[in-house]
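Novice: Take a look at this one; I'll ask things after.
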Amino acid sequence: MWLVVRRELRSAFGSPIGYVVAVVFLAVTGWLLFSTFFLNGRADLRAFFELLPITLALVAPAITMRQLSEELSSGTYESVLTLPLSAAQILGGKFVASLLFVMIVLVPTLLYPLSIASVVGGSAATQLDWGPVVGGYIGAILLAGLYCAIGLLASSASRNQIVAFILAIAVCAFLALVDRMLFIIPAPLVGLIQFLSATSHFESVARGVLDTRDLVYFVSFGGAALFGAHAVMQVRRG
């Protein structure tokens, strides 16, 4: 499996798309964070973490869209299946590689809280609260894992990278924005919609509270997406 991980990471950083995705993500999040920080004078990363469900919903599909669809369209998928690896190992390697890529992209954002902490100084009234920062990054990893799993499912279902990208974005954006539509949802369904919302579970973790319900959500939905991708791979294997 780790051979697949190394292969996919080399492929991601060996093509322009990986660097373009990383630069655009860092530029957009950095600009939006510090523009609001200097306007509001608030020593926290709330603006950054509020945008993560949406920005990661673009980053993860951009990375995963080619993982399986490119091999299907280029005809190399059959040769991959002849390797002494199970479909689960191939899929697991691609998932780990995608998640590691997103985590590598998130590493430079650690400069954001460090910069804010140095600007506001060490006064008790203005110093940065590191609890929500740590919780936010844990939530970001869980959220990225869910989105990468959805992206791999979309990639396994289509030979076209653009179609896989659009499908993954549609599902990830729905999970990120569904809680914004509660005002048009019938009252009996509000609880279900809140449970489906990735943003609400992410925000719960980002507050520094590790609730088992949030962990179950990310693990179960991500696992279901990977199970679906594995089933598609098995069907293609015949």
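Nothing in this text is a laboratory measurement; each read-out follows from the coordinates by a stated rule. This structure is a prediction, so every number in the text was calculated from the model and none was measured. When we count neighbours, we look across all protein chains shown, and the Cβ atoms used for this are built from the backbone with ideal geometry, even at glycine.
Novice: Rank these for me by crowding, Thr64, Thr212, Thr29, going from fewest to most other beta carbons within 10 Å.
Specialist: Final ranking by Cβ density, sparse to dense: Thr212, Thr29, Thr64.
Novice: While we're on this one: If a helix is a whole DSSP H run, which ones in the chain reach 18 Å or further along their own axis (Cα) and hold a mean Kyte-Doolittle hydropathy of at least 0.5?
Specialist: Once both thresholds are applied, what remains is 16-40, 46-64, 87-106, 130-157, 161-177, 212-237.
Novice: With each pseudo-label sitting 7 Å past Cα toward Cβ, what's the Ile141-Leu26 distance in nm, one decimal?
Specialist: Spacing of the two 7 Å Cα→Cβ label points: 2.0 nm.
Novice: Please report Leu110, Leu91 as a ranked list, fewest other C-beta atoms within 10 angstrom at the top and most at the bottom.
Specialist: Listing Leu110, Leu91 from fewest to most nearby Cβ atoms yields Leu110, Leu91.
Novice: List every residue whose amide H lies under 5 Å from the amide H of Met65, counting only residues 5 or more places away in sequence or on a different chain, with H placed 1.01 Å from N in the peptide plane.
Specialist: Residues meeting the amide H criterion: none.
Novice: Provide the gained length on full extension for the span Ile17 to Ile185, in nm with one decimal, where the gain is 0.36 nm per separating residue minus the Cα-Cα distance.
Specialist: 56.7 nm
Novice: How big is the shadow of the Cα convex hull of the range 2-237, averaged over all directions, in nm²?
Specialist: The orientation-averaged projected area of the Cα hull of the range 2-237 comes to 14.4 nm².
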